[in-house]
Amino acid sequence: MKHYLPNDLTVPEVQRLLQGGVGPRPIALVSTLSKDGINNLSPFSFFNVFGANPPIIAFSPSRRGKDASLKDSYINLTETKECVVQAVTYSMVEQVSLASTEYEPNVDEFIKSGLTPINSDIVKPIRVKESPFQMECKLLEIRSFGEGGASANIAICEVLKFHVAEDLFVDGIIHPNKIDLVARMSKDFYCRAFGDAVFEVEKPIGKKGIGYDQLPDFIKQSNIYSANNLGKFGNTESIPPDKEVDDFISQMNNEKPVNYESGEDAFYRYQRDGNYNFMLKAALEILSQDKIKGKRLLELSAKASLESNDTEFAWKIAMFAGRI
Ligand SMILES: Cc1cc2nc3c(=O)[nH]c(=O)nc-3n(C[C@H](O)[C@H](O)[C@H](O)COP(=O)(O)O)c2cc1C
(Lines give C-alpha, C1' and ligand atoms only; values in the text may rest on other atoms or scores of the structure.)
Protein backbone atom coordinates (compact mmCIF):
# COMPACT_ATOMS: atom_id res chain seq x y z
CA MET A 1 0.00 0.00 0.00
CA LYS A 2 1.00 3.62 -0.46
CA HIS A 3 0.11 5.90 2.45
CA TYR A 4 -0.59 9.62 2.21
CA LEU A 5 -1.40 12.47 4.55
CA PRO A 6 -3.43 15.12 2.66
CA ASN A 7 -1.15 17.88 3.95
CA ASP A 8 1.87 16.27 2.26
CA LEU A 9 0.17 16.42 -1.16
CA THR A 10 -0.74 19.21 -3.56
CA VAL A 11 -4.46 19.95 -3.99
CA PRO A 12 -4.55 18.40 -7.51
CA GLU A 13 -2.94 15.24 -6.09
CA VAL A 14 -5.58 15.03 -3.35
CA GLN A 15 -8.31 15.65 -5.94
CA ARG A 16 -6.92 12.90 -8.19
CA LEU A 17 -6.82 10.41 -5.30
CA LEU A 18 -10.40 11.19 -4.30
CA GLN A 19 -11.67 10.99 -7.87
CA GLY A 20 -9.92 7.66 -8.40
CA GLY A 21 -11.00 5.97 -5.18
CA VAL A 22 -14.48 7.42 -4.69
CA GLY A 23 -16.47 6.26 -7.66
CA PRO A 24 -18.23 5.60 -9.91
CA ARG A 25 -19.91 8.85 -8.93
CA PRO A 26 -23.44 9.66 -10.11
CA ILE A 27 -23.67 12.85 -12.12
CA ALA A 28 -26.11 15.64 -11.31
CA LEU A 29 -26.88 17.82 -14.31
CA VAL A 30 -27.85 21.01 -12.51
CA SER A 31 -29.90 23.76 -14.03
CA THR A 32 -29.95 27.13 -12.22
CA LEU A 33 -31.09 30.64 -13.08
CA SER A 34 -29.07 33.80 -12.34
CA LYS A 35 -30.74 36.81 -10.72
CA ASP A 36 -30.53 38.45 -14.17
CA GLY A 37 -32.46 35.60 -15.76
CA ILE A 38 -29.58 33.72 -17.48
CA ASN A 39 -29.94 29.92 -17.54
CA ASN A 40 -26.98 27.87 -16.38
CA LEU A 41 -26.41 24.18 -16.86
CA SER A 42 -23.45 22.28 -15.32
CA PRO A 43 -22.65 18.70 -14.32
CA PHE A 44 -21.49 17.82 -10.80
CA SER A 45 -20.31 14.38 -9.78
CA PHE A 46 -19.71 15.30 -6.13
CA PHE A 47 -23.35 14.38 -5.75
CA ASN A 48 -25.64 11.97 -3.99
CA VAL A 49 -28.96 11.40 -2.19
CA PHE A 50 -29.08 11.54 1.61
CA GLY A 51 -32.63 10.79 2.66
CA ALA A 52 -36.13 10.21 1.38
CA ASN A 53 -38.28 11.82 4.07
CA PRO A 54 -38.06 14.61 3.00
CA PRO A 55 -36.13 13.76 -0.20
CA ILE A 56 -32.69 15.34 0.22
CA ILE A 57 -29.94 15.51 -2.36
CA ALA A 58 -26.61 17.38 -2.26
CA PHE A 59 -23.89 18.28 -4.72
CA SER A 60 -20.79 20.44 -4.56
CA PRO A 61 -20.11 23.30 -6.98
CA SER A 62 -16.58 23.62 -5.59
CA ARG A 63 -14.34 26.65 -5.92
CA ARG A 64 -12.39 26.62 -9.18
CA GLY A 65 -9.04 24.87 -8.87
CA LYS A 66 -7.09 27.48 -10.84
CA ASP A 67 -8.06 30.66 -8.94
CA ALA A 68 -10.41 29.63 -6.12
CA SER A 69 -13.22 31.65 -7.72
CA LEU A 70 -16.85 30.65 -7.23
CA LYS A 71 -18.69 28.83 -10.02
CA ASP A 72 -21.78 30.30 -11.66
CA SER A 73 -23.97 27.46 -10.34
CA TYR A 74 -22.93 28.33 -6.78
CA ILE A 75 -23.60 32.05 -7.29
CA ASN A 76 -27.00 31.39 -8.89
CA LEU A 77 -27.99 29.01 -6.12
CA THR A 78 -27.12 31.47 -3.38
CA GLU A 79 -29.00 34.22 -5.21
CA THR A 80 -32.13 32.43 -6.38
CA LYS A 81 -32.17 29.31 -4.14
CA GLU A 82 -33.67 26.92 -6.69
CA CYS A 83 -32.39 24.34 -9.15
CA VAL A 84 -33.37 21.35 -11.24
CA VAL A 85 -31.17 18.26 -10.90
CA GLN A 86 -31.35 15.70 -13.68
CA ALA A 87 -29.84 12.26 -14.15
CA VAL A 88 -27.24 11.87 -16.90
CA THR A 89 -27.77 8.99 -19.32
CA TYR A 90 -25.41 7.47 -21.87
CA SER A 91 -27.13 9.07 -24.86
CA MET A 92 -26.50 12.60 -23.53
CA VAL A 93 -23.05 12.27 -21.91
CA GLU A 94 -21.07 14.16 -24.60
CA GLN A 95 -23.50 17.09 -24.53
CA VAL A 96 -23.28 17.11 -20.72
CA SER A 97 -19.49 17.23 -20.94
CA LEU A 98 -19.86 20.18 -23.32
CA ALA A 99 -22.08 21.90 -20.75
CA SER A 100 -19.19 21.69 -18.24
CA THR A 101 -17.16 24.16 -20.32
CA GLU A 102 -16.27 27.30 -18.32
CA TYR A 103 -18.35 29.72 -20.41
CA GLU A 104 -18.80 33.32 -19.26
CA PRO A 105 -21.68 33.89 -16.79
CA ASN A 106 -23.81 35.52 -19.53
CA VAL A 107 -23.67 32.39 -21.74
CA ASP A 108 -26.65 30.01 -21.67
CA GLU A 109 -25.25 26.47 -21.56
CA PHE A 110 -28.55 25.04 -22.88
CA ILE A 111 -27.74 26.79 -26.16
CA LYS A 112 -24.06 25.76 -26.08
CA SER A 113 -24.73 22.10 -25.29
CA GLY A 114 -27.74 21.79 -27.59
CA LEU A 115 -29.81 20.24 -24.80
CA THR A 116 -33.50 21.11 -24.94
CA PRO A 117 -34.99 23.42 -22.29
CA ILE A 118 -38.49 22.78 -20.95
CA ASN A 119 -40.33 24.70 -18.24
CA SER A 120 -40.52 23.42 -14.69
CA ASP A 121 -43.79 23.26 -12.76
CA ILE A 122 -42.71 24.70 -9.39
CA VAL A 123 -39.26 26.30 -9.67
CA LYS A 124 -37.95 28.93 -12.09
CA PRO A 125 -34.85 27.07 -13.41
CA ILE A 126 -35.73 25.04 -16.48
CA ARG A 127 -35.47 21.29 -17.07
CA VAL A 128 -33.47 19.27 -19.60
CA LYS A 129 -35.87 17.39 -21.86
CA GLU A 130 -33.31 14.72 -22.82
CA SER A 131 -32.96 13.48 -19.24
CA PRO A 132 -35.60 10.89 -18.31
CA PHE A 133 -35.26 11.71 -14.56
CA GLN A 134 -35.59 15.30 -13.39
CA MET A 135 -35.96 16.75 -9.88
CA GLU A 136 -37.22 20.25 -9.15
CA CYS A 137 -35.43 21.37 -5.99
CA LYS A 138 -35.23 24.18 -3.46
CA LEU A 139 -31.94 25.01 -1.77
CA LEU A 140 -31.97 24.36 1.98
CA GLU A 141 -28.41 25.41 2.77
CA ILE A 142 -24.87 25.56 1.43
CA ARG A 143 -22.04 24.36 3.68
CA SER A 144 -18.58 25.56 2.64
CA PHE A 145 -15.31 24.03 3.80
CA GLY A 146 -12.28 26.20 3.04
CA GLU A 147 -11.73 29.09 0.67
CA GLY A 148 -8.89 27.76 -1.47
CA GLY A 149 -9.07 26.22 -4.94
CA ALA A 150 -11.15 23.01 -5.13
CA SER A 151 -12.70 23.59 -1.70
CA ALA A 152 -16.17 22.18 -1.17
CA ASN A 153 -19.47 24.08 -1.24
CA ILE A 154 -22.08 21.46 -0.46
CA ALA A 155 -25.48 22.54 -1.72
CA ILE A 156 -28.14 20.66 0.22
CA CYS A 157 -31.49 20.65 -1.57
CA GLU A 158 -34.97 19.28 -1.03
CA VAL A 159 -36.74 17.71 -3.98
CA LEU A 160 -40.12 19.36 -4.56
CA LYS A 161 -41.19 17.41 -7.64
CA PHE A 162 -39.95 14.39 -9.63
CA HIS A 163 -40.45 14.01 -13.39
CA VAL A 164 -39.75 10.45 -14.55
CA ALA A 165 -40.15 8.94 -18.03
CA GLU A 166 -42.78 6.19 -17.92
CA ASP A 167 -40.72 3.68 -19.89
CA LEU A 168 -38.03 3.53 -17.17
CA PHE A 169 -40.22 1.38 -14.92
CA VAL A 170 -40.10 -2.41 -14.79
CA ASP A 171 -42.10 -4.08 -11.99
CA GLY A 172 -42.45 -0.76 -10.19
CA ILE A 173 -38.75 0.14 -10.05
CA ILE A 174 -36.55 2.24 -12.32
CA HIS A 175 -34.65 -0.51 -14.11
CA PRO A 176 -30.91 0.14 -14.71
CA ASN A 177 -31.09 -1.08 -18.30
CA LYS A 178 -33.95 1.31 -19.02
CA ILE A 179 -32.42 4.45 -17.49
CA ASP A 180 -28.88 3.67 -18.76
CA LEU A 181 -27.04 5.96 -16.31
CA VAL A 182 -23.41 7.01 -16.61
CA ALA A 183 -21.04 7.82 -13.77
CA ARG A 184 -17.75 9.63 -13.37
CA MET A 185 -14.49 7.99 -12.37
CA SER A 186 -10.87 9.23 -12.43
CA LYS A 187 -9.50 11.60 -15.09
CA ASP A 188 -11.59 11.25 -18.28
CA PHE A 189 -13.01 7.84 -17.32
CA TYR A 190 -16.75 7.29 -17.12
CA CYS A 191 -18.71 4.11 -16.76
CA ARG A 192 -22.05 3.04 -18.09
CA ALA A 193 -24.38 1.15 -15.71
CA PHE A 194 -25.93 -1.09 -18.35
CA GLY A 195 -25.97 -4.69 -19.59
CA ASP A 196 -23.15 -6.87 -18.26
CA ALA A 197 -22.00 -4.10 -15.90
CA VAL A 198 -25.27 -4.44 -13.95
CA PHE A 199 -25.72 -7.36 -11.54
CA GLU A 200 -27.83 -8.20 -8.50
CA VAL A 201 -26.83 -8.89 -4.91
CA GLU A 202 -29.67 -10.20 -2.78
CA LYS A 203 -30.38 -7.99 0.25
CA PRO A 204 -29.97 -9.70 3.64
CA ILE A 205 -33.09 -7.84 4.85
CA GLY A 206 -35.47 -9.87 7.02
CA LYS A 207 -33.07 -12.76 7.46
CA LYS A 208 -29.86 -13.50 9.33
CA GLY A 209 -27.24 -15.33 7.31
CA ILE A 210 -25.07 -17.85 9.18
CA GLY A 211 -22.02 -15.63 8.51
CA TYR A 212 -18.58 -16.31 7.11
CA ASP A 213 -17.33 -17.60 10.48
CA GLN A 214 -19.87 -20.47 10.45
CA LEU A 215 -18.87 -21.80 7.02
CA PRO A 216 -17.34 -25.29 7.16
CA ASP A 217 -13.54 -25.22 6.76
CA PHE A 218 -13.71 -27.35 3.59
CA ILE A 219 -15.70 -24.54 1.96
CA LYS A 220 -13.47 -21.74 3.26
CA GLN A 221 -10.29 -23.57 2.26
CA SER A 222 -11.40 -24.70 -1.21
CA ASN A 223 -9.47 -23.02 -3.99
CA ILE A 224 -12.54 -23.11 -6.26
CA TYR A 225 -14.80 -20.69 -4.39
CA SER A 226 -14.12 -16.96 -4.66
CA ALA A 227 -14.50 -14.47 -1.80
CA ASN A 228 -17.86 -13.46 -3.30
CA ASN A 229 -18.94 -17.12 -3.35
CA LEU A 230 -18.07 -17.42 0.37
CA GLY A 231 -19.99 -14.21 1.11
CA LYS A 232 -23.03 -15.66 -0.64
CA PHE A 233 -22.78 -18.99 1.21
CA GLY A 234 -22.54 -17.03 4.48
CA ASN A 235 -25.69 -15.10 3.58
CA THR A 236 -27.91 -18.21 3.82
CA GLU A 237 -29.76 -18.99 7.03
CA SER A 238 -28.94 -22.68 7.48
CA ILE A 239 -26.72 -25.49 6.22
CA PRO A 240 -28.67 -28.41 4.68
CA PRO A 241 -28.66 -31.50 6.94
CA ASP A 242 -26.87 -34.71 5.79
CA LYS A 243 -30.14 -36.50 5.01
CA GLU A 244 -31.24 -33.76 2.61
CA VAL A 245 -27.83 -33.86 0.89
CA ASP A 246 -27.97 -37.67 0.56
CA ASP A 247 -31.51 -37.62 -0.88
CA PHE A 248 -30.56 -34.93 -3.35
CA ILE A 249 -27.43 -36.74 -4.56
CA SER A 250 -29.18 -40.10 -4.96
CA GLN A 251 -32.00 -38.43 -6.86
CA MET A 252 -29.39 -36.85 -9.16
CA ASN A 253 -27.63 -40.19 -9.63
CA ASN A 254 -30.91 -41.85 -10.62
CA GLU A 255 -32.00 -39.17 -13.05
CA LYS A 256 -31.65 -39.96 -16.76
CA PRO A 257 -32.12 -36.59 -18.43
CA VAL A 258 -32.68 -36.35 -22.17
CA ASN A 259 -29.94 -34.77 -24.31
CA TYR A 260 -27.40 -35.39 -21.56
CA GLU A 261 -23.86 -36.47 -22.49
CA SER A 262 -21.27 -37.86 -20.06
CA GLY A 263 -17.59 -36.96 -19.81
CA GLU A 264 -15.24 -34.14 -18.94
CA ASP A 265 -15.56 -32.35 -22.30
CA ALA A 266 -19.32 -32.30 -21.88
CA PHE A 267 -18.88 -31.00 -18.29
CA TYR A 268 -16.94 -27.94 -19.50
CA ARG A 269 -19.45 -27.37 -22.29
CA TYR A 270 -22.24 -27.34 -19.69
CA GLN A 271 -20.14 -24.94 -17.62
CA ARG A 272 -19.90 -22.54 -20.57
CA ASP A 273 -23.68 -22.81 -21.06
CA GLY A 274 -24.39 -22.26 -17.35
CA ASN A 275 -26.16 -25.65 -17.17
CA TYR A 276 -25.23 -26.52 -13.60
CA ASN A 277 -27.70 -29.44 -13.40
CA PHE A 278 -25.85 -31.30 -16.15
CA MET A 279 -22.49 -30.20 -14.71
CA LEU A 280 -23.42 -31.94 -11.46
CA LYS A 281 -24.58 -35.08 -13.26
CA ALA A 282 -21.29 -35.29 -15.20
CA ALA A 283 -19.24 -34.51 -12.07
CA LEU A 284 -20.94 -37.34 -10.14
CA GLU A 285 -20.14 -39.81 -12.91
CA ILE A 286 -16.49 -38.70 -13.06
CA LEU A 287 -16.30 -38.95 -9.25
CA SER A 288 -16.93 -42.71 -9.41
CA GLN A 289 -13.72 -43.08 -11.48
CA ASP A 290 -11.49 -40.30 -10.11
CA LYS A 291 -12.14 -38.87 -6.64
CA ILE A 292 -9.82 -35.85 -6.87
CA LYS A 293 -11.06 -34.73 -10.28
CA GLY A 294 -14.67 -35.51 -9.34
CA LYS A 295 -14.45 -33.38 -6.18
CA ARG A 296 -13.06 -30.45 -8.14
CA LEU A 297 -15.85 -30.71 -10.74
CA LEU A 298 -18.45 -30.95 -7.97
CA GLU A 299 -17.15 -27.73 -6.45
CA LEU A 300 -17.23 -26.08 -9.86
CA SER A 301 -20.88 -27.19 -10.16
CA ALA A 302 -21.63 -25.70 -6.72
CA LYS A 303 -19.95 -22.47 -7.76
CA ALA A 304 -21.94 -22.32 -11.03
CA SER A 305 -25.27 -22.88 -9.28
CA LEU A 306 -24.38 -20.31 -6.61
CA GLU A 307 -23.55 -17.75 -9.28
CA SER A 308 -26.90 -18.51 -10.94
CA ASN A 309 -28.56 -17.67 -7.58
CA ASP A 310 -29.54 -21.30 -6.88
CA THR A 311 -28.00 -21.22 -3.41
CA GLU A 312 -29.90 -24.26 -2.06
CA PHE A 313 -28.60 -26.44 -4.88
CA ALA A 314 -25.07 -25.07 -4.36
CA TRP A 315 -25.09 -25.83 -0.64
CA LYS A 316 -26.08 -29.46 -1.19
CA ILE A 317 -23.28 -30.05 -3.70
CA ALA A 318 -20.75 -28.18 -1.55
CA MET A 319 -21.66 -30.27 1.50
CA PHE A 320 -21.42 -33.49 -0.51
CA ALA A 321 -18.05 -32.43 -2.00
CA GLY A 322 -16.83 -31.70 1.53
CA ARG A 323 -17.18 -35.38 2.44
CA ILE A 324 -14.77 -36.52 -0.27
C1 LIG B 1 -19.03 14.82 -15.41
C2 LIG B 1 -18.52 16.05 -14.73
C3 LIG B 1 -18.62 16.16 -13.36
C4 LIG B 1 -18.19 17.31 -12.71
N5 LIG B 1 -18.31 17.38 -11.36
C6 LIG B 1 -18.00 18.52 -10.71
C7 LIG B 1 -18.21 18.64 -9.29
O8 LIG B 1 -18.69 17.73 -8.63
N9 LIG B 1 -17.89 19.83 -8.72
C10 LIG B 1 -17.40 20.87 -9.43
O11 LIG B 1 -17.16 21.92 -8.85
N12 LIG B 1 -17.19 20.79 -10.75
C13 LIG B 1 -17.48 19.64 -11.41
N14 LIG B 1 -17.32 19.55 -12.76
C15 LIG B 1 -16.86 20.73 -13.48
C16 LIG B 1 -18.02 21.71 -13.67
O17 LIG B 1 -19.06 21.13 -14.40
C18 LIG B 1 -17.50 22.93 -14.42
O19 LIG B 1 -16.59 23.62 -13.59
C20 LIG B 1 -18.59 23.86 -14.86
O21 LIG B 1 -18.08 24.70 -15.83
C22 LIG B 1 -19.13 24.70 -13.76
O23 LIG B 1 -19.96 25.59 -14.40
P24 LIG B 1 -20.55 26.90 -13.76
O25 LIG B 1 -19.39 27.84 -13.50
O26 LIG B 1 -21.44 27.37 -14.86
O27 LIG B 1 -21.27 26.54 -12.52
C28 LIG B 1 -17.67 18.39 -13.44
C29 LIG B 1 -17.54 18.28 -14.83
C30 LIG B 1 -17.96 17.13 -15.47
C31 LIG B 1 -17.84 17.01 -16.95
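Annotations
- Of the residues making up segment 95-106, those that are exposed (fewer than 15 other Cβ atoms within 10 Å of the Cβ) and either more than 11 Å from the ligand (Cβ to nearest atom) or within 19 Å of Lys35 (Cβ to Cβ) (or both) are Glu104, Pro105, Asn106.
- Counting only residues that are surrounded by 16 or more Cβ atoms within 10 Å (Cβ to Cβ) and either touching a Lys or Arg at 6+ places or on another chain (Cβ under 9 Å) or among the charged types (D, E, K, R) (or both), segment 283-292 holds 4 of them.
- Filter result (open to solvent by less than 60 Å² (accessible area, probe 1.4 Å), farther than 17 Å from Ser301 by Cβ and assigned to a helix (DSSP H, G or I)) within segment 221-240: Gly231, Gly234
- Residue in segment 192-201 that is modelled with pLDDT of 95 or more and either in contact with a Cys (Cβ under 6 Å, 6 or more places away or on another chain) or of a type in the set (S, T, N, Q) (or both) present: no
- Total residues in segment 241-256, condition at pLDDT 95 or above and open to solvent by less than 40 Å² (accessible area, probe 1.4 Å): 3
- Any hit, segment 293-300, residues being open to solvent by 30 Å² or more (accessible area, probe 1.4 Å), part of a helix (DSSP H, G or I) and modelled with pLDDT under 95: no
- Odd one out for Arg63 among (1) more than 18 Å from Glu109 (Cα to Cα); (2) surrounded by 22 or more Cβ atoms within 10 Å (Cβ to Cβ): (2)
- Count of segment 228-280 residues which are of a type outside the set (Ser, Thr, Tyr) and under 17 Å from Ser308 (Cα atoms): 19
- Which numbered condition Glu141 misses (of (1) open to solvent by 60 Å² or more (accessible area, probe 1.4 Å); (2) within 16 Å of the ligand (Cβ to nearest atom)): (2)
- Restricting attention to segment 170-228, the residues that are within 16 Å of the ligand (Cβ to nearest atom), of a type outside the set (Val, Ile, Thr) and touching a Ser or Thr at 6+ places or on another chain (Cβ under 8 Å) add up to 4.
- If you go through segment 71-94 and keep only what is within 20 Å of Tyr190 (Cα to Cα) and more than 11 Å from the ligand (Cβ to nearest atom), you end up with Val85, Gln86, Ala87, Thr89, Tyr90, Ser91, Met92.
- Output for segment 33-70, where each listed residue is within 12 Å of the ligand (Cβ to nearest atom) and free of Cβ contacts under 8 Å to residues at least 40 places away in the same chain: Phe44, Phe47, Asn48, Ser69
- Selection from segment 179-199 of residues that are open to solvent by 50 Å² or more (accessible area, probe 1.4 Å) and either without any contact (Cβ under 8 Å) to a residue 12 or more places away in the chain or of a type in the set (Ser, Thr, Tyr) (or both): Asp188, Phe189, Tyr190, Asp196, Ala197, Phe199
- Val84 being aliphatic (A, V, I, L, M) and not in a helix (DSSP H, G or I): yes
- Candidates Lys124, Lys112, filtered to the one that is farther than 27 Å from Asn177 by Cα, away from the ligand (no atom under 15 Å from the Cβ) and open to solvent by 70 Å² or more (accessible area, probe 1.4 Å): Lys124
- Qualifying residues in segment 15-32 (those that are in contact (Cβ under 8 Å) with a residue 12 or more places away in the chain and assigned to a helix (DSSP H, G or I)) - the one nearest to Arg127 (Cα to Cα): Gln19
The values are calculated or read from the model by the stated rules, or taken from the named source; none is laboratory data. What you are looking at is a predicted structure, and each value in this text was computed from that prediction instead of being measured. When we count neighbours, we look across all protein chains shown, and the Cβ atoms used for this are built from the backbone with ideal geometry, even at glycine. Note: areas computed on protein heavy atoms with side chains; ligands, DNA, RNA excluded. Shrake-Rupley method; radii C 1.70, N 1.55, O 1.52, S 1.80 Å.
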